[in-house]
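A.B. asks: For reference, the structure I am asking about is given below.
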Amino acid sequence: MCLGDKDIFASSELLESLIMSRTGADNWKKLFTNEYSFDAPEVKQALEDYKTILSLANKDHSAITWDEAAKNMAGGACAVNLMGDWAYGELINAGKKPGTDFTWVAFPGKDDIFDYVGDGFSIPANNIPHADAAKAWLKTLMDPKIQTAFAAKKGSIPALSTADISSLSPYQQSAAKSFKSAAVVSSLAQAQASPAEFAQTYADAVSTFNGSGNVAAFTASMTQAQKSQLK
């Protein structure tokens, strides 16, 4: 496996996918409402899975970035790489050809789960500096044609369901279909499933686990954070 976790989010995403594949969408969501514990057997099994995958990853994974790992995969250095849709745009920009240099599959155990990451933009309700420009920016963002054009470059799908995606790639068509039919969950690695403090605790725990492989220490850290940082 090609992994580039110089920025810890890459391995945090890998572990979160493994946890989801073991717990399912409903229990993943319950991790953030204190209805399900990071000490659960399924989470511990996911951590064991993660240790196995780390042992099969490139040894320099902590020294390279996510985009370097994705390009290494497309160059034949490994069999697989886990990354968000932005990897598609990165590979296209690097001159790689889908279907020839790389392809895509759903993460094992997540065929019916869509791990969602979205960006949000806002402006103040009152006393807006450069109000006309700010409103024009938001109007531009909400233009379906603009969303489709942006998605084509990034590898993502438009946030607006009214956007025409017929011109997008087969990968994006498949992602859009999955978004409509699968259980949509938020990413902890991208700080969208929980408050920022808890997401940082998770990132720190993953970083520590990468070095120690101590399942008990990881689950103890996260269960304590569930009690103190989640309401």
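FYI, it's all coordinate maths here, none of it is from the lab. It should be emphasised that the depicted structure is a prediction, and the values quoted were computed from it without experimental measurement. Positions of Cβ are generated from backbone atoms using ideal geometry, with glycine treated the same way; all protein chains shown enter the neighbour counts.
A.B. asks: Sequence-distant or interchain residues sharing an amide H contact under 5 Å with ILE113, placed H: which?
C.D. replies: Those lying under 5 Å, H to H, from ILE113 are ALA183.
A.B. asks: What value, in deg cm²/dmol to 500, does the helix sum -39500 (n - 2.57) over DSSP H runs of n ≥ 4 give at 222 nm once divided by the residues of the chain? Show your work: numbers first, answer last.
C.D. replies: On the way: 9 runs with 121 residues, N = 231.
About -16500 deg cm²/dmol.
A.B. asks: Moving on. Shape verdict for the stretch 14-108, please, from the Cα gyration tensor: rounded (a/c under 1.5), prolate (a/b greater than b/c) or oblate. Let's see the in-between values first.
C.D. replies: Values: a/c = 2.70, a/b = 1.92, b/c = 1.41.
Since a/c reaches 1.5 and a/b is larger than b/c, the shape of the stretch 14-108 is classed as prolate.
A.B. asks: Check which residues have an amide H placed less than 5 Å from ALA193's amide H, if you skip close sequence neighbours.
C.D. replies: Residues meeting the amide H criterion: SER187, LEU188.
A.B. asks: Could you check the spin-label model distance between HIS130 and SER161? Points 7 Å from the Cα along Cα→Cβ, value in nm.
C.D. replies: 3.5 nm
A.B. asks: Using a Förster radius of 45 Å, what is the FRET efficiency between ALA183 and THR65 based on their Cβ-Cβ separation? Nearest 0.05, please. Each step should come with its number before you reach the end.
C.D. replies: Details: r = 30 Å, r/R0 = 0.67.
My answer for the efficiency is 0.90.
A.B. asks: Any lysines with Cα under 16 Å of the LYS97 Cα? List them, leaving off those in the same chain fewer than 8 positions away.
C.D. replies: Answer for LYS97, where 16 Å is the Cα cut-off: LYS71, LYS153, LYS154, listed by chain and number.
A.B. asks: May I ask you to compute the full-extension gain from PHE107 to GLN224, defined as 0.36 nm times their residue separation minus their alpha-carbon distance, rounded to one decimal in nm? The partial results should precede the final answer.
C.D. replies: Values: separation 117, 0.36 × 117 = 42.12 nm, distance 2.88 nm.
Fully extending the segment from PHE107 to GLN224 adds 39.2 nm.
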